[in-house]
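In what follows, a structure is listed as structure tokens, so that the remarks can point back to it.
The values are calculated or read from the model by the stated rules, or taken from the named source; none is laboratory data. Computed from a prediction, not measured in an experiment: that's the story for all the values here. Virtual Cβ from ideal backbone geometry, glycine too; neighbours counted across all protein chains shown.
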Amino acid sequence: MFTLDGKVAIITGGASGIGAATARLMASLGAQVVIADVNQAGSIARVAEIEAAGGTALAVETNVCDEAQIKHMVEMAVTTYGRLDILFNNAADLDIIGGDLDVTAQDLSNWELTMRTGLTGPMLGCKHGIPAMVKTGGGSIINTASVSGLFAEVYMTGYPVAKAGVAHLSRQVALQWGKQGIRCNAIAPGLTLSPAGLRMPEPMREMYVRHNMVPFVGLPEDIAPTVAFLASDMSRYLTGQCIQIDGGITGAIPIAADYRDFVAGLTAPPMSG
Ligand SMILES: NC(=O)c1ccc[n+]([C@@H]2O[C@H](COP(=O)([O-])OP(=O)(O)OC[C@H]3O[C@@H](n4cnc5c(N)ncnc54)[C@H](O)[C@@H]3O)[C@@H](O)[C@H]2O)c1
């Protein structure tokens, strides 16, 4: 197993879901963790849980849309813990996803807020995090994209486009700063049963159970270990990638679930004449 001993990590959107699970795991692996979220009460509760488990954490109220607050978030990590090694740009405003419709129905303010939290936020994190990391020899940045950014969605438009940007931002940063010791990767979760994921109606969740290669839908705790690995020195040769953590849904031929149902109804192998 790998360790994050001696490392300092910032996790945006760390008050809930995937960010909270990752904060708990990173702290248990020895990292000192800064939880940066608009939901300061949630961050304080996560800090208390981590401290109760013997870890070290700090809550810094941060809106990732605001450059001054991102700068402050990085400064707080460095002044409190002395360095910055890991930045998990994970926050996104999933409360506005219901207003993200097809392109002809796009509401401009929803589109702009989606881009601002989902794509500008990670860019600002990189902008201010990288100089702090370089001072102590480099670090690892992980940005949360989504399978929605790799394959077209039926209803949403802004969210998938922002997530596609996150995957490419990660490659840009990896190339631009790799020689200075910065690694940068994206993760692309499939449906994950975070508080946000649980808001998806049950019939839609069942579609994921049907189309995932595994027989279930993942939890935030199924995403966190990959993030912790990407944050660790064990992944030192891994950069510029977008890692899909999605129960296999994007690896299957799109007709797989229908095909499986079709074959199940046959009395002889398909194509056997
Ligand atoms: N849950 C899924 O199915 C799924 C799938 C793919 C990708 N993702 C991505 O994973 C990430 C985490 O999502 P989650 O499912 O854990 O959701 P979540 O709602 O449980 O957590 C999101 C957190 O981000 C915070 N946040 C929202 N706007 C913010 C802002 N402007 N500044 C700072 N913090 C802000 C929220 O307060 C919340 O704590 C998001 O980037 C999301 O797009 C989620």
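Residue by residue, here is whether (1) closer than 23 Å to Leu230 by Cα; (2) in contact (Cβ under 8 Å) with a residue 12 or more places away in the chain; (3) more than 9 Å from the ligand (Cβ to nearest atom); (4) not β-branched (Val, Ile, Thr) holds:
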{"residue": "Val8", "(1), (2), (3), (4)": "yes, yes, yes, no"}
{"residue": "Ala36", "(1), (2), (3), (4)": "yes, yes, no, yes"}
{"residue": "Asp93", "(1), (2), (3), (4)": "no, yes, no, yes"}
{"residue": "Ile97", "(1), (2), (3), (4)": "no, yes, no, no"}
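I'd like to check something: does the range 170-190 contain any residue that is under 27 Å from Arg24 (Cβ atoms) and aromatic (Phe, Trp, Tyr)?
No - not one qualifying residue is present in the range 170-190.
Consider the range 41-50. How many of its residues are within 16 Å of Ala77 (Cα to Cα) and either modelled with pLDDT under 95 or surrounded by fewer than 22 Cβ atoms within 10 Å (Cβ to Cβ) (or both)? Before you say what the answer is, go through the steps one by one.
So in the range 41-50, the residues within 16 Å of Ala77 (Cα to Cα) come out as 43-44, 47.
Of the ones still in play, those that are also either modelled with pLDDT under 95 or surrounded by fewer than 22 Cβ atoms within 10 Å (Cβ to Cβ) (or both) are 44.
Qualifying residue count, the range 41-50: 1.
So, Ile70, is that one modelled with pLDDT of 95 or more, within 16 Å of the chain's Cα centre (by Cα) and crowded, with 18+ Cβ neighbours inside 10 Å or not?
Spelling it out, it is not the case that Ile70 is modelled with pLDDT of 95 or more, within 16 Å of the chain's Cα centre (by Cα) and crowded, with 18+ Cβ neighbours inside 10 Å.
Go through the residues of the range 2-19 one by one and say whether even a single one is under 19 Å from Ser232 (Cβ atoms) and modelled with pLDDT under 95.
yes
If the Cβ limit is 7 Å and pairs must be 6+ apart or interchain, which residue in the range 150-167 that is more than 13 Å from Ile97 (Cα to Cα) and in contact (Cβ under 8 Å) with a residue 12 or more places away in the chain pairs with which residue that is among the hydroxyl-bearing types (Ser, Thr, Tyr) and in a loop (DSSP other than H, G, I, E, B)?
Going by the 7 Å Cβ cut-off, the qualifying pairs are Leu150/Thr250; Phe151/Thr250.
Of the residues Ala23, Ala77, which single one is at pLDDT 95 or above and closer than 18 Å to Pro225 by Cα?
Just a single option satisfies the conditions, and that option is Ala23.
Does the range 54-63 contain any residue that is assigned to a helix (DSSP H, G or I), more than 9 Å from the ligand (Cβ to nearest atom) and in contact with a Gly (Cβ under 9 Å, 6 or more places away or on another chain)?
no
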